[in-house]
Structures are given as structure tokens and as C-alpha cells.
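Structure, as C-alpha cells:
The values are calculated or read from the model by the stated rules, or taken from the named source; none is laboratory data. Owing to the predicted nature of the structure, the values given are computational and were not obtained by experimental measurement. Here the Cβ positions follow ideal geometry from the backbone for every residue, glycine too, while neighbour counts run over all protein chains shown.
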Amino acid sequence: MSNQILKLSENAVQRIKEIMTLNKTKAVGVRIGVKSGGCAGMSYVMEYAEDVKPNEEVIEEKGIKVFIDPKAIMYLLGTEMDYKKDKFSSQFIFKNPNETERCGCGESFKV
């Protein structure tokens with residue numbers, strides 16, 4: 001487990017369980033990837049996964065499955081995914097040791 005691409009905090013696991021319970025599709029988990037865009041160059045993408053795609057990494061933890069897009073693996077190595085909720089917002093947070101820069105709004109990053 002120490003070489004796991006993405007580590008999940010307890011808050012992230014609980015929130016994924018909640019959104020999977022509310023989901024009305026045939027999703028088997030959530031998929032995480034990265035895409036070009038945002039002021040710093042790249043942003044995280046998260047969506048429901050209805051199947052396993054070729055070459056995806058699968059992280060199973062405490063009853064949930066997270067699928068990592070193969071094109072995102074090198075950008076996510078060593079990242080911790082957390083979930084934070086405060087008075088005005090709630091969001092998944094990615095603590096990525098590979099980031100060299102993050103935009104002011106926190107929506108995009110550079111490696």
C-alpha cells in the first residue's frame with residue numbers, strides 16, 4: 001500500500017460512499033483524471049465510473065473503488081485526496097507533491 005498512486009483520507013472515503021449512495025446510474029466507483037486547462041495548465045477531473053477501462057489503476061478502500069485514468073497516473077503519484085466542508089463550500093482537495101504551482105483559485109495546477 002505504500003506505493004499507492006492515490007491515498008484517500010477518511011473524509012474522502014465517507015464522501016465517496018455518500019455520493020455513490022445518491023447516484024442513480026450503474027456506477028461501480030469514481031474515476032479521477034487530469035485535463036489541460038485552467039490558469040496554471042492542468043485541472044483534476046472526477047466522474048462516475050460505470051466500468052473499468054484498459055490500463056486503469058483501481059484503488060479499493062473501505063468498500064469504495066476509485067479508478068485512475070492511465071494518462072493521469074504520472075501526475076497523481078503520491079497524491080492524497082481529501083474532502084473538506086465548511087460554512088460556504090464543500091470540495092475534494094488534492095494534496096499533490098508533484099505540483100510546482102497552483103492558481104490562486106485552487107482550480108488548476110502545474111507539475
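Worth a mention:
- Once region 39-62 is narrowed to residues that are among the hydrophobic types (A, V, I, L, M, F, W, C) and in a strand (DSSP E or B), the residue that is nearest to A27 (Cα to Cα) is A49.
- The combined condition, being modelled with pLDDT of 85 or more, on the phi < 0 side of the Ramachandran plot and in contact with a strand residue (DSSP E or B) (Cβ under 9 Å, 6 or more places away or on another chain), is fulfilled by E47.
- Criterion applied to L77, L22 was being under 14 Å from the mean Cα position of the chain (by Cα) and either under 29 Å from E101 (Cβ atoms) or exposed (fewer than 15 other Cβ atoms within 10 Å of the Cβ) (or both), and the one residue passing it is L77.
- Within region 1-32, the residues that satisfy the criterion of being without any contact (Cβ under 8 Å) to a residue 60 or more places away in the chain and part of a strand (DSSP E or B) are G29, V30, R31, I32.
- Within region 42-67, residues that are over 17 Å from N96 (Cα atoms) sit with their Cβ atoms under 6 Å from residues that are crowded, with 16+ Cβ neighbours inside 10 Å and at pLDDT below 90, at 6+ positions apart or across chains, in these pairs: E57/I5.
- Residue satisfying condition, being of a type in the set (D, E, K, R), modelled with pLDDT under 90 and part of a strand (DSSP E or B), within set K65, K35, K87: K35
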